[in-house]
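Structure, as structure tokens:
The values are calculated or read from the model by the stated rules, or taken from the named source; none is laboratory data. Please read all numbers here as calculations on a predicted model, not as lab measurements. Here the Cβ is made from the backbone with ideal geometry for all residues, glycine too, and neighbour counts use every protein chain on show.
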Amino acid sequence: ATAALLASSAAAGVVGALAAHRLRARPAARRPRGGLTARHAVTDEADLSMDVLRTKYAASIKAIREGGADLLDDQDDDYLLRFAVEHGDDTAAALKNLSQVVGWRKREGKKIVEAAAKAVEQALAGGKWDNAPVFAAAPHSEKIGKYLTSDQIVVVTLPAGDLCSCIRASAIDDKAMMDEVSVDELKEFFIYAREINNTVANMRSKASGKLVRLLAANDLTNVSKFPDDRFQKALTESSKDATTYYPGLAGPTVILNLPGIVRLLVSFLTPLFPGAVQQRIKFARGPMAYLTNLSDALKEPTKTQFVGDLEAVLAA
């Protein structure tokens, strides 16, 4: 199960929007990519202050705005900042990515983008976050909602302000879910969740003056089998799409509570990973293992302990 889950662990953050946001603010970063070339990562940024990043990437933002003038409407520099952070001084790559994002949001992704925007507006209408309209508007939520609840996935806010999507892999009945849901339907659900996360992260970034990231924590406690191939396909493909459509959003992934024999394998293989990959993926034991139900991470006093433990892992 582990290799497949590690391969798809970056997708964990896609799911989490549907569990619990609070409009409090903070940092974000950037992540490198797999492939032939590793991109500059949000995690490479020593200072995630928006003012500092605007100054640091001023030339890149200007170049993206000039080169992509025909693609842009009224997007401000903060919108372009995530492209600049994602691609560094590679303006050609940033412009290609901008074209992909704008095209998707106006065409294939338009329905998801509009549904998410309306859901966030409704979620905040009462003065504090109400997740009910967010989940109700999620594609295929009437089916997927039976399998992905706060017992499987939650989102917490870390002290620094980042969002962290937490998944308990062993609690997901992936086979039963995939017998009822198609790969494409689950992908739509995941991308909608990432759109919600992205919207909240951008709001918090403006409110706090810190670039807010979406992190992922994947708990492998009691995982004893490979995930369903269809579930893995939906995770992998939605993760790839999310990386393209939401540049400069993803932060590190934490893999928690690996089974014993796998820990030995990982300790042997990790030094072989490129440095950027090692920086993005962290392994630890403890956090989440003491939670009988993952939803306890949303309730005090467990929430404070859990969030503190995650912070310690990320800082290690």
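Annotations for the structure displayed:
- Pairing each residue of segment 65-88 that is of a type in the set (Val, Ile, Thr) with any residue that is assigned to a helix (DSSP H, G or I), provided the two are 6+ apart or on different chains, yields C-beta distances under 7 Å for VAL85/VAL42; VAL85/LEU53.
- Residue list for segment 155-197, filter: among the polar types (S, T, N, Q) and surrounded by 24 or more Cβ atoms within 10 Å (Cβ to Cβ): SER165, ASN197
- Residues of segment 200-234 that are part of a helix (DSSP H, G or I) and under 12 Å from the mean Cα position of the chain (by Cα): VAL200, ALA201.
- Candidates ALA92, ALA84, ALA136, ALA123, filtered to the one that is touching a helix residue (DSSP H, G or I) at 6+ places or on another chain (Cβ under 8 Å), farther than 21 Å from LEU298 by Cα and among the aliphatic types (A, V, I, L, M): ALA84
- Checking each residue in segment 116-154 for being among the aliphatic types (A, V, I, L, M), within 20 Å of the chain's Cα centre (by Cα) and surrounded by 16 or more Cβ atoms within 10 Å (Cβ to Cβ) picks out ALA116, ALA119, VAL120, ALA123, VAL134, ALA137, ALA138, ILE144, LEU148, ILE153, VAL154.
- Residues in segment 134-179 that are touching a Pro at 6+ places or on another chain (Cβ under 7 Å) and touching a residue at least 60 places away in the same chain (Cβ under 8 Å): ALA160, GLY161, ASP162.
- Hits in segment 130-143 (condition: at pLDDT 95 or above and not in a helix (DSSP H, G or I)): ALA137, ALA138, PRO139, HIS140
- Residues being touching a strand residue (DSSP E or B) at 6+ places or on another chain (Cβ under 9 Å), part of a helix (DSSP H, G or I) and either buried (at least 17 other Cβ atoms within 10 Å of the Cβ) or modelled with pLDDT of 80 or more (or both) - total across segment 272-294: 2
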